[in-house]
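Nothing in this text is a laboratory measurement; each read-out follows from the coordinates by a stated rule. Computed from a prediction, not measured in an experiment: that's the story for all the values here. Please note: Cβ atoms are built from the backbone with ideal geometry, for glycine as well, and neighbour counts cover all protein chains shown.
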Amino acid sequence: MKTRIGQGIDVHAFGEGDHVMLCGVRIPHDRALVAHSDGDVALHALCDAMLGAAALGDIGRHFPPSDPQWADADSRELLRQVDLLLKHDGWAVTNADITLVCEQPKITPHAKQMQANIAADTGLDITDISVKATTTEGLGFCGRGEGITALAIVQIKSW
Ligand code: MG
């Protein structure tokens, strides 16, 4: 059995709106994340970590923003497709750890539901999925509330 790790990172800027989608959870907020899709920066980072671990390219290659098919895409659907790509290649995710970097909205009250969504989309046990958050103490673009950064790391094993 082989194991590998992969990392993913994504950033989206805040714009006009009244909610953000993070790990498939709709969180009321006074702004939204600007994106071609639903702007789920956390799931985009997770997808890139999974694709990276399997050396299958990146999310932009599989779901190009230029393709109208992915306009306003539900990022949970992208996650399910990425999970299938890995499974077709003989890989299974063993665990995932996601960090969201933002001052607002607060993530912790939603973390359990976020983990449950990822578990449902990948078949992982919820205890193998971590969603956590940090601030940058007001520093940088995340600290100024200009956008959200998401980081993800996953381990995969061959099966
Ligand atoms: Mg993105």
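With θ set to phi - 60°, apply the Karplus curve 6.51 cos²θ - 1.76 cosθ + 1.60 along the stretch 118-128 and write out the HN-Hα couplings as whole Hz, x wherever there is a Gly or Pro.
Result, ordered by residue: 5, 4, 5, 7, 10, x, 6, 6, 4, 6, 9 Hz.
Find how many whole Å separate the alpha carbon centroid of the stretch 1-78 from the alpha carbon centroid of the stretch 86-146.
Answer, in whole Å: 11.
With a cap of 15 neighbouring Cβ atoms within 10 Å, and only residues DSSP puts in a loop, list the trypsin sites (Lys or Arg not before Pro) found in the stretch 33-134. Spell out each step's value before the answer.
Values: sites: ARG61, ARG76, ARG80, LYS87, LYS106, LYS112, LYS132; in loops: LYS106.
Within the stretch 33-134, the qualifying trypsin sites (Lys or Arg not before Pro) (loop, at most 15 other Cβ atoms within 10 Å) are LYS106.
If all Cα-Cα distances of the chain are sorted into 10 Å bins from 0 onward, what percent lands in each bin, rounded to whole numbers?
12, 43, 34, 10, 1
Filter the GluC sites (Glu not before Pro) in the stretch 55-140 down to the DSSP loop ones having no more than 12 other Cβ atoms within 10 Å, then list what survives. Present the calculation step by step, with values, prior to reporting the outcome.
Working: sites: GLU77, GLU103, GLU137; in loops: GLU103, GLU137.
Sites meeting the loop and neighbour criteria: GLU137.
Around ASN95, which amide H atoms from residues at least 5 apart in sequence, or from another chain, sit under 5 Å from its own amide H, with H modelled in the peptide plane?
Under 5 Å from the amide H of ASN95: GLN155.
Counting pairs on different chains as well as pairs 8 or more places apart, how many Lys pairs in the chain have Cα atoms under 13 Å apart? Don't skip to the end; give the middle numbers.
Details: LYS2/LYS157; LYS87/LYS157; LYS106/LYS132; LYS112/LYS132.
The result is 4.
Tell me the relative contact order for the chain as a rounded percent, counting alpha carbon contacts under 8 Å between residues six or more apart. It would help to have the intermediate numbers written out before the result.
Details: 368 pairs, mean separation 53.2, N = 159.
This gives 33 percent for the chain.
May I ask which residue of CYS23, THR3, THR136 lies farthest towards the positive end of the charge dipole of the stretch 3-158, with charges of +1 (Lys, Arg) and -1 (Asp, Glu) on Cβ and the Cα centre as origin?
Farthest along the dipole direction, towards plus: THR3.
Using the Cα atoms as the points, what is the convex hull volume per residue of the stretch 1-80 in Å³? Write down the numbers at each step before the final one.
Numbers: hull volume 7.3 nm³, N = 80.
Per residue, the Cα convex hull of the stretch 1-80 comes to 91 Å³.
Using θ = phi - 60° and the Karplus form 6.51 cos²θ - 1.76 cosθ + 1.60, what ³J(HN,Hα) does each residue of the stretch 2-10 get, whole Hz, x for Gly and Pro?
Coupling constants for the stretch 2-10: 9, 10, 9, 10, x, 10, x, 9, 8 Hz.
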